[in-house]
Amino acid sequence: MRIKEIGNVLVAGLMVMDIVVKPVDAKLFERDTTHVANMEFLTGGDALNVAVNLAKLGENVRACALVGEDSAGALIRRTLTQSGADCSGILVDPAVHTSVSIVMNRPDGERHFVCRLDSTERYDASNISDADLHDARALYIGSMMALPGLEGGVLKALFERCKAHGVLTAMDATASTDGRWLERIEDVLALTDVFVPSRGEAERITGTQDPVKAAQFLRDCGVCVSGVKLGERGCYIDDGVSPFFLPAIRCENPVDLTGAGDAFMSGFLYGILRGWSTSASARFATGMSYSTIQSLGASTHSPTVESILQYAKLLDQNP
């Protein structure tokens with residue numbers, strides 16, 4: 001991968017308002033009323049989380065998405081602005097509803113989502129111009145499978161334009177609701193520099209539960225740096241030179257696992273854009289994941305480069 005020395009990071013795609021509820025249990029729908037300890041109105045979505053995290057780390061970030069002219073859209077724009085991201089790529093359409101997700105957290109930290117993704121499903125990235133790409137070092141798309149407006153060759157054409165402008169391409173995925181996985185992204189894999197899906201997504205895209213085989217499958221499809229996020233087991237990264245497993249940092253009592261994968265991608269991209277090795281980038285990414293699960297919400301933590309490097313050192317304490 002050749003990376004421009006200067007330029008901003010374009011982050012486009014899934015941006016939602018999260019209503020985070022904690023804790024809930026499996027008997028939620030058997031009771032008339034459930035009282036919970038926490039209910040917060042926060043922001044989320046792969047693209048927004050990555051944009052906010054990168055901006056907090058000091059990257060020049062331009063966020064691109066579609067929101068409605070409503071309170072949820074205003075919260076998304078305010079959150080991005082407060083993090084230091086540029087919101088000029090956020091389109092506001094009064095005819096659509098901003099995407100909203102109810103995040104129900106179980107006591108063990110696992111989550112279940114109820115979503116309305118109106119604005120997300122309508123976004124097609126048509127507001128990303130050649131001038132934007134000329135000024136960019138990287139474009140991150142989050143999250144495929146929830147962005148029908150980028151399918152059918154739309155993202156392929158955008159990534160081809162990225163290649164023409166020397167822009168690093170990265171993306172993430174989410175659960176497919178129609179059972180189609182590989183076919184929805186197959187046309188862009190050969191144009192993708194970084195793709196590290198979660199273990200569940202990787203299994204369905206590649207057809208194997210083995211992270212080594214899954215990462216190799218993605219590399220055979222043309223991805224430059226592939227891998228699998230393995231949750232509490234860490235990650236597996238394959239850069240075509242020295243593939244490796246990296247454990248997660250132990251955390252006995254996580255506050256909220258929402259956004260841990262997005263924090264990983266933020267940290268990984270931060271390192272890659274600085275020319276760090278994939279190993280050093282993954283360590284930093286693991287520190288970002290550890291940081292975000294200490295707070296309720298996907299990107300409410302306050303990372304600094306120094307604090308994340310200190311967290312990454314905890315990996316050396318793993319047996």
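The values are calculated or read from the model by the stated rules, or taken from the named source; none is laboratory data. Since we're looking at a predicted model, the values are computed, not measured. Because the Cβ atoms are built from the backbone with ideal geometry, glycine has one as well, and the counts that use them run over all protein chains shown. Note: accessible area is taken over every heavy atom of the protein model, side chains too, but ligands, DNA and RNA are not part of it. Shrake-Rupley method; radii C 1.70, N 1.55, O 1.52, S 1.80 Å.
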Value of D in µm² per second that Stokes-Einstein yields for region 57-213, Kirkwood Rh from Cα pairs, at 20 °C (1.002 mPa s): 126
Cβ-defined net charge surrounding Q216, 13 Å radius [Lys, Arg +1; Asp, Glu -1]: -2
Scattering profile of region 220-261 at q = 0.27, 0.28 Å⁻¹ [log10 I(q)/I(0), Debye over alpha-carbon scatterers]: -0.97, -1.01
Cα extents of the chain along the three principal axes, largest first (Å): 56, 54, 39
Whole-Å distance, taken between Cα centres, linking region 172-243 and region 135-162: 16
Zero-based 10 Å bins, Cα pair distances in region 141-189, whole percents: 26, 57, 15, 2
Directionally averaged shadow of region 51-112, computed from the convex hull of its alpha-carbon atoms, nm²: 5.1
With at most 15 neighbouring Cβ atoms within 10 Å, loop GluC sites (Glu not before Pro) (DSSP) excluded, longest segment of the chain: 111-251
Average Cα contact separation per residue, the chain, under 8 Å, 6 or more apart, as relative contact order %: 16
For the chain, calculated [θ]222 nm from helices alone, where every DSSP H run of n ≥ 4 adds -39500 (n - 2.57): -9500 deg cm²/dmol
Alpha carbon convex hull of region 174-319, projected area averaged over orientations, nm²: 8.9
Share of carbon and sulfur in the accessible heavy-atom surface of the chain [1.4 Å probe, %]: 50
Intensity falloff of region 1-130 expressed as log10 I(q)/I(0), Debye formula with alpha-carbon point scatterers, at q = 0.13, 0.17, 0.20 Å⁻¹: -0.59, -0.89, -1.09
Cα-centred dipole magnitude for region 46-86, charges only on beta-carbon of K, R (+1) and D, E (-1), debye, nearest 20: 120
